[in-house]
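> Dumping the structure here so I can ask a few things about it.
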Amino acid sequence: MTDKNASQINITLGTAGHIDHGKTALIKLLTGCETDRLRQEKERGMSIELGFAPCQLGDLEVGIVDVPGHENFVKTMVAGATGIDGVIFVVAADDSIMPQTREHLDILTLLGVRHGMVALTKIDLVSPERVETVVDQLKTFLQGTFLQDAPICPMSSITGAGFDGFYTSLKSMIGTIQPRSTEGIFRQPVERTFSVKGFGTVISGIPASGAAKVGDEFTLLPTGGKSRIKAIQVYGHDADPVQSGQCAALNLPQLDYKGVDRGHVLTDASYFQPARWFLGTLKMLPGETTPLKNGAKLKFHTGTTETTATVYLTESDVAVATDETFVQIRTDHPVVAGPRDRYILRGLSPVQTIAGGMIIEASGRRLKRTQKGLLDDLRRRSEAVRDNAAFVEYAIENASDKAAKVKDISIRVKLQPEKVKAICENLTSEKRISALTGEWYIHNSTLQQVSESLLKLVEQFHTANPQSPGIAKEQLLDDSGLKKQIFDGVFSLLLDSKKVLPRKDRIALPAHSEQFDPAQQALLEKTEALFIDQLFKPPKVDDLSSLLRCSVKEVNATVKILTEQQRLIRVDAKMIFHTDAVEEAKRCITDHVNGEGAGRLESVDFKYLVDTTRKFALPLLDYMDKIGHTRRVGNTRYLK
């Protein structure tokens, strides 16, 4: 029996071992629960489906998953073992080590299980000498595995002999297990589904990540059905919230249980979507005698999902026993999986476990293994995904746009935006990344590259246009190829550090100064003098060539330079005034409005204020509206 006041910790144990070695009987002795619930299981005396039971150890309560031991149900064993944190590895004293003993140990190793103990059951059926012999066999068998130093506890589930020692070792093992982190986006692979009268659909399983509470809405993938959680049970009684690593049953009344199958996943669809291409690490089993060929077709298991898949090796055409490498996996059916998920590969014929590893990320497409830097990137990425902060930094450093927004980082690393923001703030304080405007972040190595590229573009402009005060910001943006938000952010940092300076509405390097040859300087002075002499009746650009006795090309270049230097101002497509004219016009308008105009300026009066004609007055007056000095209402202007 369980105590509702016991402290629930999000740790789930699992049994493993050969058929008929006493796994189910051991759980019943330990918990009082009968995990064989199907009629066929009771009639045949063996587990077919996964069984769940709460296990109270003093004032703590954990979950236990009972997995089938028969070779025909290894895929079900994999589905259950995927969610466990520690294993009770069961071996019967009368049989000793059997085929599924070996395969289950291989699967547990490939799934990354690192905590466990051995229950040597059925000692009531054999002599003490036999028990000692099997203990010795197990010690040899477990050498070099994660169970090599695990306690081996002889016991009988029938007589209770040895149970106290087993129970003490079990409590000790649980004390070494760190409860799972509840960070991340909630995701629960479906292990079983059924309907309860008055409540509707219930799905059970072990959440792979995150936490959820009553009222939260999630999507069932790949079907797309949505439902809010109406009720939660953990370890058999009501709870709120549910956390990753707990045996849980969720009531989801908006879903039809007939459309929910093992392998489906309940999660937030904005973070997870079914995919068919995955990058992963791969480790071949030590005893595997058949090489794994590039492009091999195999059974792929992850979470509670099973599908056929094609495996592409990234480093060679063949992988042999004990090899560790990187792979690309293309599943025949869409799969929902996340970074750090473990997977198992089993042959189609003969059906046996041959390899497994860790999913790095869904990749969207196949990558060419000849791609430069692919292996280095896979090594870095496989290390980064193991730690949230490292993964966030990797995502920023390798962002396709040179920088990344918090929301986009959040989707990639499968972590809530507020947690990503906190990590980014820490990385910023450690001077690993830099914050840009609008919650964009850029890695400092990328920032250096982008900054150097922008400075190079400015320098190249100075070289090609020594007479210009600098490059226009819009041109620099176009030449950079950056998104505007990212360009603005990096540009702002360059301004703050004074690596570039604003100069006459343009951008220049601090050391730059305009350079002109004597003839060009003389032409600039003559041209400007013409506009000063005729301040409110400026010459047409088309007339400058004859007035200055130079070519049209020279005129255009001269006007361009004077405009860049803000000595001339183009008020519309055909008319240019000297800067002094614009400033004098502003003064005249202000004085008039504040004086005899009594707060306004009639358009017809402007030409008299500056002593010009309507031809020049109207474009100049419209320019005053454009730059915000005046506001037009009909034919009347007001100071803006």
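> Using +1 at the C-beta of Lys and Arg and -1 at the C-beta of Asp and Glu, which of P417, Y441, S382 has the Cα lying farthest in the positive direction of the dipole of region 341-441?
So the residue we want is S382.
> For region 81-138 and region 499-538, what is the centre-to-centre distance using only Cα atoms, to the nearest Å?
87 Å
> Separate question: How much of the calculated P(r) for the chain lies past 39 Å, in percent of all Cα pairs?
Within the chain, distances greater than 39 Å cover 51 percent of Cα pairs.
> Ranked highest first by average number of other Cβ atoms within 10 Å, how do 327-336, 452-461, 180-189 line up? Write out the running numbers ahead of the final one.
Values: 327-336: 19.9, 452-461: 15.9, 180-189: 21.5.
Ranking, from highest mean packing down: 180-189, 327-336, 452-461.
> What span do the alpha-carbon atoms of region 491-640 cover on each of the three principal axes, reported in whole Å from largest to smallest?
49, 46, 22
> Moving on. Any of K504/K607; K402/K504; K213/K421; K407/K499; K586/K626; K574/K615 with alpha carbons more than 21 Å apart? Name them for me.
On the way: K504/K607 29 Å; K402/K504 29 Å; K213/K421 23 Å; K407/K499 31 Å; K586/K626 13 Å; K574/K615 12 Å.
Beyond 21 Å: K504/K607; K402/K504; K213/K421; K407/K499.
> While we're here: Determine the distance separating the Cα centre of region 430-451 from the Cα centre of region 245-292; give it in Å without decimals.
The distance from the Cα centre of region 430-451 to that of region 245-292 comes to 35 Å.
> Now for a separate question. Take the Cα radius of gyration of region 275-377 and divide it by 2.2 N^0.38 Å, with N its residue count; two decimals is plenty. Working shown, then result.
On the way: Rg = 12.5 Å, N = 103, 2.2 N^0.38 = 12.8 Å.
My calculation over the Cα atoms of region 275-377 gives 0.98.
> Return the sequence-ordered ³J(HN,Hα) values of region 258-265 in whole Hz as given by the Karplus equation 6.51 cos²θ - 1.76 cosθ + 1.60 applied to θ = phi - 60°, using x for Gly and Pro.
In residue order, the calculated couplings are 5, x, 10, 10, 4, x, 5, 9 Hz.
> Scan around I64 for amide H atoms under 5 Å from its own, H built in the peptide plane at 1.01 Å from N, and keep only partners 5 or more places away or cross-chain.
Here L13, A53, C55 satisfy the definition.
> For the chain, find the longest principal axis of its Cα atoms and tell me its angle to the long axis of helix 444-464, 0 to 90°, nearest 10.
Helix 444-464 sits at roughly 20 degrees to that axis.
> From the square roots a ≥ b ≥ c of the eigenvalues of the alpha-carbon gyration tensor of region 550-608, which class results: rounded (a/c under 1.5), prolate (a/b over b/c), or oblate?
prolate
> Turning to a different aspect of this structure: Place the peptides 113-123, 538-548 in order of packing, highest mean first, counting for every residue the other Cβ atoms within 10 Å and averaging per peptide. Can you show the working numbers first?
On the way: 113-123: 22.5, 538-548: 14.6.
Order by mean packing, descending: 113-123, 538-548.
> Using the alpha-carbon atoms, what tilt in degrees (0 to 90, nearest 10) does helix 99-110 show relative to the longest principal axis of the chain?
So the inclination is approximately 20 degrees.
> Which value, in debye to the nearest 20, describes the size of the charge dipole of region 218-302 about its Cα centre when Lys and Arg Cβ atoms bear +1, Asp and Glu Cβ atoms bear -1, and nothing else is charged? Numbers along the way, then the final one.
On the way: 10 positive and 6 negative charges, 84 e Å.
Taking the Cα centre of region 218-302 as origin, the dipole is about 400 debye.
> Also: Once phi is turned into ³J(HN,Hα) by the Karplus curve 6.51 cos²θ - 1.76 cosθ + 1.60 with θ = phi - 60°, what whole-Hz value does each residue of region 210-221 show in order, with x for glycine and proline?
Rounded to whole hertz, the list is x, 8, 8, 10, 4, x, 5, 9, 9, 10, 8, 10.
> Can I ask one more? Please give the calculated 222 nm ellipticity per residue for the chain, where each DSSP H segment of at least 4 residues contributes -39500 (n - 2.57) and the sum is spread over every residue; nearest 500 deg cm²/dmol? Display every interim value, and only then the final one.
Values: 19 runs with 220 residues, N = 640.
Calculated from helices alone, the mean residue ellipticity at 222 nm is -10500 deg cm²/dmol.
> Suppose the Debye formula is applied to equal point scatterers at every Cα of region 176-253; what is log10 I(q)/I(0) at q = 0.13, 0.14, 0.22 Å⁻¹?
Normalising to I(0) and taking log10 leaves -0.35, -0.41, -1.01.
We did not get these values from a lab; they are worked out from the coordinates using the rules stated. A quick note: this is a predicted structure, and the numbers were derived from the prediction, not measured. Glycine also receives a Cβ, built like all others from the backbone with ideal geometry; neighbour counts cover every protein chain displayed.
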